[in-house]
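S.K.: If you scroll down you'll find the structure; I have some questions about it.
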Amino acid sequence: MAVLVSSHNRYYTSPSVPRLTDAFPRVPISNGFSKAYGGSNIQVINGSMATLALDKSSGSGLVSVNKYHYGFFSAAIKLPAGLTSGVVVAFYLSNADVFPHNHDEIDIELLGHDKRNDWVIQTNVYANGSVNTGREEKFYLWFDPNTTAASIQHHLEQPSYSWATHGGKYPVNYKYAPFRVSFAEMEMSGCISNPTGTVTSCSKNTPSSLDPIEGPEFVKLSNQQISALGWARSKLMFYSYCKDTSRFKVMPPECK
């Protein structure tokens, strides 16, 4: 199905790509997650949807009950409406609980801006506890995230970071608080880490049927997915670390 989309008064027909989300079961939030912080700002509705709020007193966050070696993770996210400068909604993987001083992250961050309905999605890989390893790319959205839940393969915060506030030019304006985001249709399938340190059920020595993330579609992008990514980069991407010559004197090898 082709979908008519727009961003900054530009209209596109987005590529049609099979949804990997259709291959995995949904996880009730009440079973799969616990409150990380900001408990009074978190509401779980019927076990299947959670709303997280940011106000002047606190942000809020959820964390998965299980830990994973690898897997497939997805959520349908509806973002706050109105002016949301400085607000960050994040859906990410982190091993900071094991490596607090040199942790790694795989991030999907939704950045509020100073204009109405002007959210940005930023992807990033952060390694060894250093921002110098960041692999950021930023895209304009191709739909209204305030009325349509975006399926993204959580945690709501007010950042003091320059990258989220345009160098401090657009901090959070609590006149418009509380900022509320909803999460639903959560999916988490993969190799669950065994806290005892013994061999996991996802070991290569076990039948592949025990591994929910098995098959070529999870190893690399298909030609159709590569084409869709190229479309997004050509039409909607406005920042890539691979083009930031002021940051990298020698570009990372994957940029060549």
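The values are calculated or read from the model by the stated rules, or taken from the named source; none is laboratory data. What you are looking at is a predicted structure, and each value in this text was computed from that prediction instead of being measured. Using ideal geometry, Cβ is built from the backbone for each residue, glycine included, and neighbour counts are taken over all protein chains shown.
S.K.: How many residues does region 211-238 hold that are closer than 18 Å to Leu141 by Cβ and either in contact with a His (Cβ under 6 Å, 6 or more places away or on another chain) or among the polar types (S, T, N, Q) (or both)?
M.R.: Final tally of qualifying residues: 1.
S.K.: When you go through Asn128, Asn205 one by one, which is the residue that is at pLDDT 85 or above, surrounded by fewer than 14 Cβ atoms within 10 Å (Cβ to Cβ) and farther than 24 Å from Pro15 by Cβ?
M.R.: On inspection, the qualifying residue turns out to be Asn128.
S.K.: Sticking with this structure for a sec: Please determine whether any residue of region 31-50 is closer than 29 Å to Leu20 by Cβ and among the aromatic types (Phe, Trp, Tyr).
M.R.: Yes, that holds for at least one residue.
S.K.: Now, a different point. Take Leu52 and decide whether it is within 18 Å of the chain's Cα centre (by Cα) and either crowded, with 20+ Cβ neighbours inside 10 Å or part of a loop (DSSP other than H, G, I, E, B) (or both).
M.R.: Criteria met by Leu52.
S.K.: Against the definition (farther than 19 Å from Arg180 by Cα, surrounded by fewer than 19 Cβ atoms within 10 Å (Cβ to Cβ), in contact with a strand residue (DSSP E or B) (Cβ under 8 Å, 6 or more places away or on another chain) and among the aliphatic types (A, V, I, L, M)), how does Val65 come out, yes or no?
M.R.: yes
S.K.: Quick one: which residue in Ala81, Ala96 is of a type in the set (A, V, I, L, M), farther than 30 Å from Val219 by Cβ and surrounded by fewer than 18 Cβ atoms within 10 Å (Cβ to Cβ)?
M.R.: Result of the check over Ala81, Ala96: Ala81.
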